Amino acid sequence: MTKNITLNLISGRTIQQGVAIESGKEKPSYRTACGIIEMDNADLKALGAWKNTNVRVTSDHGSVIVKAIEATQGPHPGVAFIPMGPWANSIVDPNTYSTGMPTFKGTPVKIEVTINEPILLGIELVQIQCGVKVG
Amino acid sequence: MTKTITDVICPFCGTLCDDIEVVVSDDGKQLLEVYNACVIGSEKFLHSQAKDRVTKPRMRQDDGTWKDVSYDEAADYTAQMLAKAKKPLMYGWSSTNCEAQSVGNEIAEISRACCDNTAAVCHGTTLIAVQDIGLPTCTLGEVKNRADRIIFWGCNPAHAHPRHMSRYSIFPRGFFTGKGQMSRKMIVIDPRVTDTAKMADVHLQIEQGKDYELLNALRVAFKGEWLPDVVAGIPKEKIREAADMMKSGRFGIIFFGMGVTQSLSKNHNIDIAIAVTKDLNEYTKFSIMPMRGHYNVTGSGEVFAWQFGFPYSIDLTRGFARYNPGDTSSIDLLVRGEVDAMFTIGSDPGAHFPISAVKPIANMPSVCIDPHLTPTSGVSKLHVPVAFNGVETGGNCYRMDNVPIDCRKVVEPPAGMLTDEQFLVMVRDRLKKLKGAA
Amino acid sequence: MSEYIIKNGSVFDPVQGIKGDKKDIAIKDGKIADKVSSAAKVIDASGKTVMAGAVEIHAHIAGPKVNLGRIYRPEDKLFSCTPTKGMERMGGGASIPTTFKTGYEYAKMGYTTAMEAAMPPMFAKHVHEEIRDTPIIDEGAFPVFGNNWFVLEYLKNHEIENTAAYIAWLLRVTKGYAVKVVNPGGTEAWAWGLNCLSVNDPVPYFDITPAEIVKGLIEANEYLGLPHSVHIHPNNLGNPGCYETTLDTLRLAEGMKAKNKFGRESVMHLTHTQFHSYKGTNWGDFESGAKEITDYVNQNKNITIDTGNVTLDETTTMTADGPFEHHLTGLNHLKWANCDVELETCAGVVPYIYSPNISVCAIQWAIGLEIPLMMKDPMRCYITTDHPNAGPFTRYPRVIKWLMSKKARDTQINAFKHKDKVLSQTSIGSLDKELSLYELAQMTRAGPAKTLGLGHMCGGLKPGMDADVAVYNFNPDKPVANPDDIETAFSRCAHVFKSGVEVVKHGEIVGTGHKRTLWVNVKVNDNPQVMRDINEKFIKYYSMTQANYEALGHHFVPNPYALEVDATHV
């Protein structure tokens, strides 16, 4: 069994995310900016993962492959951060509790190392999950 | 020879900087350089010049390929889709101008659509809270001229609103704040040590999702009453220090963002943040302001409100406007499978909605009006690229403090491309014929 | 353009002194005409009342604080939504209706011109977008000046010429109509959480008093010769005993004379007088000061007023008097919104319920009616509800009923829970006067038009004036059986014409007319100092650039009508 840890996921903007969405969501730079999970050093250690390792992040609402990187705005042990975008939105809690607002911050997630799984491009990631046939 | 255009408005975030300078080619067709803008704003202006940009509407074929179509065909498809649908959702509006929003509202009224803007996933809960308890606020120039206490709660302007601190909140020297940053105390509340938090006089590294508890503790601290030793991960001494700092200012403001609107307590977080602001007005002058994301999400709410009476999450299916977030809000409508056609403009729900709300879009007639390629255009049946608002066409927009600023056109769009408003007028006129409206 | 002739109606027109005579009104090319061709469409108005289109001198119907009201009060839409219908766009809202509904409701009651009473200059674009989306009625907007830093700095040194040059500039860039003053100095003080409650309270930092601000603005207004006078909401609104502050404010106009080419005679318009006519020292001994105020105004012909009638409804208060709204939320504990605007002004919004079961509300109702009944010259007193502050404008027919019928007033007085208090604290019970239709036309047409400097265009039925005409299902020759018939008649017109276009027929919208935005274009001599001061303020203190400040372009003011003023004479 692979080792995994459970963290509290939040998402949000980063300046790299802002630049990437303006320079083209079809480009690899979008994936570089947002197909990541920022984790505290302590949590990386607990997971037994090196920095810049691909990981699978799974919640009750879905699962996605992203690259685990060291927190840029830490320390924040116990909290993981994926910049807002389709990677985060593949796993956040969509429940609005009748407010109209999904619960984008505070989704419990399980993280496991998956070195060989590829990280999809942004548009591709959504199309595949939606079953869109692409020619 | 090149021309420099001054006082250009940046169409990226709610800070709506209006001091951008742009260098364009002599024939006005090429945008060459951008000054004063942040790195995101510069990218927005420059990327409009990309050579690989899509300039013609495209329909998704059965085999999955795109086929170029004319704007006329695109307008026909859109009008017919809206005419046929029982409950179309017209979502977005936050990255276009108020004139386009106005035409869109006419279309929504004729087709009895549900209308919503990106407040749905951003400050919708703020609007609910404001409806509960009100909102003491001010314009950003008041902050620049008077504020000596700045609180950033669950927001990270260093990343999301990069020029906010230099233009309005932390660094500028205003009329009564001649020493700039030296005249101000800065408090940041965030579960991470954000780049904003690193600049603060006081950073309260709150336990994620415990905002309501900490705000409540502040209200207790203002009154000097008993507090537990630790609230939301913050020792009571630190809470009292922050409370005293807030009370002792002459003019303070709380800026807040997604950290409070999207956490579990949602509108209740904002309710109590506004209550904190009201409390502080018993001691000094205090305001509170949502850090609006898209450059014209505020304008969309304004236009919705003066035309339909509500700022977002509006259902026109009964022939008059109804409003009930949770029932008439985009995410809920999509997840419950109530929508039978999707019209997206000036936003990207494909990227920014939870995936379970995106999946239904791929399985219904859908139009995405957007100059960019996005996950939304990627799952829509029709993609209509348009001129960049604020770059290739002007039009009115509202800053995060509700101040209206008229965007400027600085370059010509590629030949033959329409603006949002022009395309919407085509759709409206066709829809009127289909529906036999006056 | 179509020709019309409105035949055999009972015409009431103070401009020509017509008091109910049976007369035909001819319409041609958008104007009232002497005669029309035989092709003219005939409107049979026999047994009906014919008046000019009514003129609203003070209402909050467009702009940021109105829309804040709409945004933060979804409950205001409950039971007040109107579906798409024929030419009508859908609408909603009772005290703060959507723009479309606002235009339709005014038109259906026979109103063809309305003034937005407080425009924050920085938000002029917003105000004009809403005006653009308010169909049918001509509208203008008053930018607020009483707490503007330029004005405070110039008037501290009594620099009238510079103040005037700044006013001219601001009216031009905001497409504004008149000089509005709200709680002079007090709103600037509110930026620090303070207030100015008398005309002599110094404004923090700026070292000037409200009295100096008001006097200086009147001088500048007359120096320019603007169509409208200074339009003032004095200090200390809404507090027991405030009538003394009101009198102090009115006295500032003593000895001043109107100078303009528009036929305006007043130099100061006191708005929503009801809110400024309170005696007593607290809410317990609260009483009417209507007599003191109207006595003074009756004697001073250079002052005009409007009423600010309380209509006993749930409504939404909104004003640039920021400290007042904060005070109000402390009284009623309903949700408080406030927005301070850099260098210029502020606005506050609080819902309010004028309950007939609360003695203060009932006394306010009485004061609002005492004022017009005590005014000797109806050409100087105009009916308003300070919409939506004392009640929604859609209640004008009810206010008219109360003014035209003592019986209707008595019915209401008898329905009050604290009837005795109303009778002891006011003189409403002893006022027998019932307004005539001629006086009504003075108070809602000819009077406000004259004071706005629009007397040559609207408010009357003289040939050559704009063909704004309202025909009411009200027969002045028959006794009124039931006062409620008055309210019904004035609620929905039989016909309304706006600039010669039929816009209302049998109470329904049949046309959207040629809606105009009225503004005042003042030419002044070049004033390099003021231009330099403006430039400096934008560079140093505004949060937007000067080049982006002006409301310019078709999408803000698609159909402008400028009143031209030449003030280069001096």
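Can you send over the carbon and sulfur percentage of the accessible area for region B:2-47, probe radius 1.4 Å, protein chains only?
On the way: 770 of 1710 Å².
So the carbon and sulfur contribution to the accessible surface is 45 percent.
Just which residues of region A:107-135 lose 20 Å² or more accessible area with every protein chain there, against their chain alone, with the probe set to 1.4 Å?
Residues losing area: A:Ile123, A:Val126, A:Gln127, A:Gln129, A:Cys130, A:Val132, A:Lys133, A:Gly135.
Which residue fluctuates the most in chain B, going by a Gaussian network model with Cα springs under 10 Å, if the choices are B:Val188, B:Val230, B:Val22?
B:Val230
Given N residues in chain B, what is Rg(Cα) / (2.2 N^0.38 Å)?
On the way: Rg = 22.8 Å, N = 438, 2.2 N^0.38 = 22.2 Å.
Compared with the compact-globule rule of thumb, chain B sits at 1.03.
Which trypsin sites (Lys or Arg not before Pro) from region A:38-135 combine a DSSP loop assignment with at most 13 other Cβ atoms within 10 Å?
Values: sites: A:Lys45, A:Lys51, A:Arg56, A:Lys67, A:Lys105, A:Lys110, A:Lys133; in loops: A:Lys51, A:Lys105, A:Lys133.
For trypsin sites (Lys or Arg not before Pro) across region A:38-135 that sit outside H, G, I, E and B with at most 13 neighbouring Cβ atoms in 10 Å, the list reads A:Lys51, A:Lys133.
If only Cα atoms are counted, what is the Rg of region B:124-290, and what is its Dmax, in Å?
For region B:124-290, the Cα radius of gyration and maximum Cα-Cα distance read 14.5, 41 Å.
Which entries in the list B:Lys87/B:Lys432; C:Lys301/C:Lys537; C:Lys48/C:Lys417; C:Lys108/C:Lys175; C:Lys156/C:Lys537 go over 29 Å, if you measure between the two C-alpha atoms of each? Kindly include the intermediate steps, with their values, before the conclusion.
Values: B:Lys87/B:Lys432 17 Å; C:Lys301/C:Lys537 39 Å; C:Lys48/C:Lys417 37 Å; C:Lys108/C:Lys175 27 Å; C:Lys156/C:Lys537 17 Å.
From B:Lys87/B:Lys432; C:Lys301/C:Lys537; C:Lys48/C:Lys417; C:Lys108/C:Lys175; C:Lys156/C:Lys537, over 29 Å: C:Lys301/C:Lys537; C:Lys48/C:Lys417.
Keeping all protein chains in place, calculate the accessible area per residue for chain B (probe 1.4 angstrom), answer in Å².
Numbers: 13160 Å² over 438 residues.
In whole numbers, chain B has 30 Å² accessible per residue.
Assuming R0 = 45 Å, what is the FRET efficiency of C:Lys417 and B:Glu73, from their Cβ-Cβ distance, to the nearest 0.05?
Details: r = 67 Å, r/R0 = 1.50.
Computed FRET efficiency for C:Lys417 and B:Glu73: 0.10.
Tell me the mean residue ellipticity at 222 nm calculated for chain C from its helices only (DSSP H runs of n ≥ 4, each -39500 (n - 2.57), averaged over every residue, nearest 500).
Values: 18 runs with 174 residues, N = 570.
For chain C, the value works out to -9000 deg cm²/dmol.
In deg cm²/dmol and to the nearest 500, what is the mean residue ellipticity at 222 nm of chain B if only DSSP H runs of at least 4 residues count, each as -39500 (n - 2.57), divided by the residue total?
Values: 16 runs with 151 residues, N = 438.
When only DSSP H runs of four or more count, the value is -10000 deg cm²/dmol.
Calculate the FRET efficiency for C:Ile358 and C:Ala39 from the Cβ-Cβ distance with a Förster distance of 51 Å, rounded to the nearest 0.05. Numbers along the way, then the final one.
On the way: r = 58 Å, r/R0 = 1.14.
Computed FRET efficiency for C:Ile358 and C:Ala39: 0.30.
Please compute the average number of Cβ atoms from other chains found within 10 Å of each residue's Cβ in peptide B:185-195.
On the way: counts 0, 0, 0, 0, 0, 3, 8, 12, 6, 7, 4.
That works out to 4 on average.
So for region C:423-570, Kirkwood radius off the Cα pairs, Stokes-Einstein at 20 °C and 1.002 mPa s: how many µm² s⁻¹?
Answer, rounded: 106 µm²/s.
Please compute, for peptide C:340-346, the average count of beta-carbon atoms on other protein chains lying within 10 Å of each residue's beta-carbon.
On the way: counts 12, 7, 13, 5, 3, 0, 3.
Mean inter-chain Cβ contacts per residue within 10 Å come to 6.
Average the reciprocal distances over every distinct pair of alpha-carbons in the protein assembly as shown, invert the result, and give the Kirkwood radius in Å. Mind dumping the intermediate values first?
On the way: mean 1/r = 0.0325 Å⁻¹.
Mean inverse Cα-Cα distance, inverted, gives 30.8 Å.
Using DSSP to call loops (not H, G, I, E or B), can you name the chymotrypsin sites (Phe, Trp or Tyr not before Pro) in region B:338-409 whose Cβ has at most 10 other Cβ atoms within 10 angstrom? Mind dumping the intermediate values first?
Numbers: sites: B:Phe343, B:Phe388, B:Tyr398; in loops: B:Phe388.
Answer by residue number: there is no such site.
Quick one: which residues, 5+ away or cross-chain, put their amide H under 5 Å from the amide H of A:Leu9? H built at 1.01 Å from N.
Residues meeting the amide H criterion: A:Ala80, A:Gly106, A:Thr107, A:Val109.
Would you mind working out the accessible area per residue for region C:52-451, using a 1.4 Å probe, and quoting it in Å²? Provide the component values of the computation, followed by the final result.
Working: 10020 Å² over 400 residues.
Ligands and nucleic acids excluded, the figure is 25 Å² per residue.
Show me the ranking of peptides C:394-402, A:84-92, C:536-544 by mean Cβ neighbours inside 10 Å, starting with the highest.
Numbers: C:394-402: 24.2, A:84-92: 27.4, C:536-544: 17.3.
In decreasing order of mean packing, C:394-402, A:84-92, C:536-544 become A:84-92, C:394-402, C:536-544.
Tell me, how many Å apart are the Cα centres for region C:248-274 and for region B:277-316?
Spelled out, the Cα-based centre of one part sits 38 Å from the other.
May I ask for the accessible area buried between chains C and B, both sides summed, probe 1.4 Å, to the nearest 100 Å²?
Values: alone 20020 and 17930 Å², together 32960 Å².
Buried: approximately 5000 Å² between B and C.
Could you name every residue in region B:33-72 that has 10 Å² or more less accessible surface in the full protein assembly than in its own chain alone (probe 1.4 Å, ligands and nucleic acids excluded)?
Buried on complex formation: B:Val39, B:Ile40, B:Glu43, B:Lys44, B:His47, B:Asp52, B:Arg60, B:Asp62, B:Asp63, B:Gly64, B:Thr65.
What is the percent carbon and sulfur in the accessible area of region A:4-130, measuring with a 1.4 Å probe over the protein chains and ignoring ligands? Could you put the intermediate results ahead of the total?
Numbers: 2470 of 4480 Å².
Percent of accessible area from carbon and sulfur atoms in region A:4-130: 55.
In whole Å, what is the distance between the alpha-carbon centres of region C:298-359 and region C:373-444?
Region C:298-359 and region C:373-444 have Cα centres spaced 19 Å from each other.
How far apart, in nanometres, would the label points at B:Ile5 and B:Asp26 be if each is projected 7 angstrom from Cα along the Cα-to-Cβ direction?
1.9 nm
Highest first, please rank the peptides B:142-151, C:383-392, C:239-248 by the mean number of other Cβ atoms sitting within 10 Å of their residues. Walk me through the numbers on the way to the answer.
Values: B:142-151: 25.2, C:383-392: 27.8, C:239-248: 20.3.
Per-residue Cβ counts within 10 Å, averaged per peptide and sorted highest first, yield C:383-392, B:142-151, C:239-248.
Could you work out how much longer the chain between C:Trp192 and C:Leu331 gets when fully extended? Use 0.36 nm per residue separation minus the Cα distance between them, nm to one decimal.
Numbers: separation 139, 0.36 × 139 = 50.04 nm, distance 2.07 nm.
Length gained between C:Trp192 and C:Leu331: 48.0 nm.
Before we go on, tell me the buried accessible area for the A/B pair, both chains summed, 1.4 Å probe, in Å² to the nearest 100. Mind showing how you got there, number by number?
Values: alone 7610 and 17930 Å², together 20940 Å².
So the total buried area for this chain pair works out to about 4600 Å².
Kindly express, to the nearest 10 degrees and within the range 0 to 90, the angle between helix B:420-435's C-alpha long axis and the longest C-alpha principal axis of chain B.
The two axes meet at around 60 degrees.
What distance in nm lies between label points placed 7 Å from Cα along the C-beta direction at B:Phe176 and C:Gln529?
Distance between label points: 2.7 nm.
How large is the translational diffusion coefficient of region C:52-451 in µm² per second when you combine the Kirkwood radius over alpha carbon pairs with Stokes-Einstein at 10 °C and 1.306 mPa s? Could the numbers behind the result be given before it?
Numbers: Rh = 20.8 Å.
The Stokes-Einstein estimate is 76 µm²/s.
Apply the a/c threshold of 1.5 to the C-alpha gyration tensor of region C:47-122 and tell me whether it is rounded, prolate or oblate.
Taking the square roots of the gyration eigenvalues as a ≥ b ≥ c, region C:47-122 is oblate.
According to the square roots a ≥ b ≥ c of the eigenvalues of the Cα gyration tensor, what is the shape class of region A:4-130, taking rounded for a/c under 1.5, prolate for a/b larger than b/c otherwise, and oblate for the remainder?
Details: a/c = 1.38, a/b = 1.11, b/c = 1.25.
Rounded is the answer for region A:4-130, as its axis ratio a/c remains below 1.5.
Determine which lysines satisfy two conditions relative to B:Lys433: a Cα distance under 16 Å, and not lying fewer than 8 residues away in the same chain.
Excluding near neighbours in sequence, the set is B:Lys84.
Pick from B:Asp348, B:Asp315, B:Asp332: which residue has the top mean-square fluctuation in a GNM of chain B where Cα pairs under 10 Å get a spring?
Among B:Asp348, B:Asp315, B:Asp332, the largest GNM mean-square fluctuation belongs to B:Asp332.
Find the percent of Cα-Cα distances in region B:2-47 that exceed 14 Å, and round it to a whole number. It would help to have the intermediate numbers written out before the result.
Working: 436 of 1035 pairs.
Tail fraction, whole percent: 42.
For region C:73-114, list whatever residues lose no less than 40 Å² of accessible surface once every protein chain is in place, relative to that chain by itself, with the probe at 1.4 Å.
Output list: C:Pro74, C:Lys77, C:Cys81, C:Arg89, C:Met90, C:Thr98.
With just the Cα atoms defining each centre, how far is region B:183-242 from region C:497-561? Give it in Å.
What the calculation gives is 46 Å, centre to centre.
Could you give the angle, 0 to 90 degrees to the nearest 10, between helix B:124-133's Cα long axis and the longest principal axis of the Cα atoms of chain B?
50 degrees
Rounded to the nearest percent, how much of the accessible area of region C:368-483 (1.4 Å probe, protein heavy atoms only) is carbon and sulfur? Let's see the in-between values first.
Numbers: 1840 of 3760 Å².
About 49 percent, which is the carbon plus sulfur part of the accessible surface.
Roughly what angle does helix B:236-247 make with the longest principal axis of chain B, taking Cα atoms, 0 to 90 degrees, to the nearest 10?
80 degrees
For a quick check, take a GNM of chain A with Cα springs below 10 Å and name the residue from A:Pro102, A:Pro28, A:Pro83 with the largest mean-square fluctuation.
Result: A:Pro102 has the largest fluctuation of those listed.
The values are calculated or read from the model by the stated rules, or taken from the named source; none is laboratory data. In this text the structure is predicted, and so the values were computed from the model without any measurement. In this analysis, Cβ positions are derived from the backbone assuming ideal geometry, glycine residues included, and neighbour counts consider all displayed protein chains. These accessible areas exclude ligands, DNA and RNA; they are computed on the full protein's heavy atoms, side chains included. Shrake-Rupley method; radii C 1.70, N 1.55, O 1.52, S 1.80 Å.
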